[in-house]
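Here the structure comes first, spelled out in structure tokens, and everything after it is commentary.
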Amino acid sequence: MWEQIGAGLINALQPFNLFLAIAGLTGGIIIGALPGLTATMGVALMVPLTFAMDPASGLIMLGAIYSGAIYGGSNSAILINTPGTPSAVATTFDGWPMCRAGKADEALNTSLIASAFGGLVGTLFLLFLAAPLARLALKFGAPEFFWLCIFGLSTIAAMSTGNVFKGLVSGALGLLVSTIGLDPIEGVPRFTFGYYPLVQGIEVIPAMIGLFSFSQVINLVGSRQKYIADYKPNPGAFMRVVRKLWKDCKMILTRSSIIGTIVGILPGAGGEIASIIAYNESKRWDKNPSRYGTGIVEGLASSESANNATIGGSLIPMLCLGIPGSAVAAVMMGALLVHGITPGFKIFTDSGNLAYTFITSLLLVNVLMVLVGSILIKGTARVLNVPTSYIGVAVVALSIIGSYAIRNSMLDVMIMIFFGLVGYFGSRIGLDTGAMALGIILGPIAEENLAKSLALAGADGSVFKVFFTSPISLILIILTVLSVITSWLLSRRRGGDVKEAVESGRA
Amino acid sequence: MAGRKADLIAGVASIVVALLFGFQGRELSLASKIFPLVLEVFLVLMGAVLILRGLRGSKEQQGGQEQIDYTRAWLVVLASLVYVAAINYIGFYVSSFVFLTLLSWFLNDRGRNLPSLGISTLFGLLVTGALYATFWLFLKVPTPQGLLF
């Protein structure tokens, strides 16, 4: 195995492959940073280019685009509170407050280093533990997926500490909105309100662009702020962040990366779920969880390491079982098939050179990402020096084309504007756009797996057996209960602190 | 917005949305509506809690909200709607150029004079050019078509 790894590394280090990795990373970061352009779209657009290359070079480029795009989503999440990709939703929780506090350089460097770390951990799992993890993925059936979604949704209670009722309402509204369109079981149109095109359902990305981006533009322009945030280039931010992450965040980065890898392995569960679960876990294990959401490095490091770790995870079932763990992995699998390579356990023996070149190139890509990202950060952070009136208008144009590009549909543009208004007015009355986005993302997966589990229970004759007896389900149920209890306790403690502060103020 | 008023509005909105979905889904089979039905019931209950809390005086924490110039806020929304409507008729790139130029000129802090119109025109050209290069030339992503471009 070590021989193959060495040979793979030598292949990956060929000048042409290095060039492809850097070009792919740069393109991926730009694509990821643009709202509406996803990693899937970036990789899919570049697949035809790989047909003229040898399979290993093609895969190296696609892997670099994938890694770059997942990381790139954090740039816009931090700078304009608009997640460039769905997996950067949790990045807004602390990234945006850091940016507003004049710490954009620290935030951008944290997301870069954490992403590279997560990517490396995910790839190491892919390299050394692919087979056992692929078998674990097979143990996830509908009930386990359902509980995983419920565990993800329990984050709402955590993220809305101090405003739990409205957080729950926001999450439920998101879940309800996600039921618009065809019913996943019977294929019946639901909740179209007499407007037939809604049968296509609510596409997650336009809804998110609206909730985070368009509503933010209305807010920024209306607030008459001259700039989005105070920004002065901060020399030495990179090394300061490295020291901080090394000193305080080793555990957070490791835990979040492992969560990201495991969630990534599960087909259908991607960076958006992983980053939210990792964020929630970091908050739960922190001595002072109330700091989360106020703009701290730890929160940002959790979400960014987790979402990039899903890349290695999602490639595990794709390479070992021929089951893609994400939409991007599915596109990459298509590219492999075009080259006549069939994924499966045998890929490591029959096409070992290709497999190990690809995997080791991902290690290299994550190292290169730090270099390429550091250069790009210097340019992207300057967005903050452009007056709000220009940035706001440009973001509207980008949001519109980004929403349209998903399905080439003007309906998605209208959905984006609608959710922009919902996000704007919702936040004025204390609703939580993050919780709503979470509901929209997790709703379809939760409902589909609930329905499948109920069908299984019908056939099996026992709801209890289907939902509550598998060890994975039990672990997820325990984690969900712990998550809710911790949030409740935290909420009570916070209430106590507020009461104490009020009383001491009176005294 | 004051906590009480915000709670009342959030509570009423939550119940109205739940009832709207409930009414729309009244003819669905149980299998199709079980998941949304649970959510509708939950929203009605939560809405009632929020309304009660609003009537009694909210205890939850309300974040401080910035003062908003609603004229500018609504202008962005209306201009965006006009922009979206125009895309269908005159095409994405021309509409984008006009939208970017006029709205950035109208919103800028230097006043609506000829020099600032010049800067906004340059800004409109640059951003439209960047959109064209990214979406059309490089990524080959289709953009909405109209009479012009």
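The values are calculated or read from the model by the stated rules, or taken from the named source; none is laboratory data. If you're wondering where the values come from, they're calculated on a predicted model, not measured in any experiment. Don't worry about glycine lacking a Cβ; one is built from the backbone with ideal geometry, like all the others, and counts go over all protein chains shown.
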Could you tell me whether the range A:406-421 includes any residue that is assigned to a helix (DSSP H, G or I), more than 30 Å from residue A:1 (Cα to Cα) and either free of Cβ contacts under 8 Å to residues at least 40 places away in the same chain or hydroxyl-bearing (Ser, Thr, Tyr) (or both)?
-> yes
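Quick check, is residue A:260 touching an Asp or Glu at 6+ places or on another chain (Cβ under 6 Å), among the small types (Gly, Ala, Ser) and assigned to a helix (DSSP H, G or I)?
So residue A:260 fails the test.
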Condition broken by residue A:326, with the remaining ones in (1) polar (S, T, N, Q); (2) over 14 Å from residue A:67 (Cβ atoms); (3) at pLDDT below 85 satisfied | (2)
Could you check how many residues of the range A:168-213 are within 11 Å of chain B (Cβ to nearest Cβ) and of a type in the set (Val, Ile, Thr)?
-> 7
Flag for residue B:79 being under 22 Å from residue A:423 (Cβ atoms) and without any contact (Cβ under 8 Å) to a residue 24 or more places away in the chain | no
Residue B:82 vs. criteria assigned to a helix (DSSP H, G or I), under 27 Å from the mean Cα position of the chain (by Cα) and surrounded by fewer than 17 Cβ atoms within 10 Å (Cβ to Cβ) = yes
For residue A:150, indicate whether it is part of a helix (DSSP H, G or I), β-branched (Val, Ile, Thr) and surrounded by fewer than 24 Cβ atoms within 10 Å (Cβ to Cβ).
-> yes
Criterion (assigned to a helix (DSSP H, G or I) and within 22 Å of residue A:104 (Cα to Cα)) met by exactly one of A:225, A:216 = A:216
When the range B:123-140 is checked residue by residue, the ones that are over 18 Å from residue A:396 (Cβ atoms) and within 12 Å of another protein chain (Cβ to nearest Cβ) are B:133, B:136, B:138, B:139, B:140
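Can you name the residue in the range B:63-94 that is hydroxyl-bearing (Ser, Thr, Tyr) and at the interface with chain A (Cβ under 9 Å from one of its Cβ atoms) and is also nearest to residue A:220 (Cα to Cα) among such residues?
My answer is B:70.
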Just give me the residues in the range A:25-45 being away from every other protein chain (no Cβ under 11 Å) and surrounded by fewer than 24 Cβ atoms within 10 Å (Cβ to Cβ), in sequence order.
-> A:26, A:40
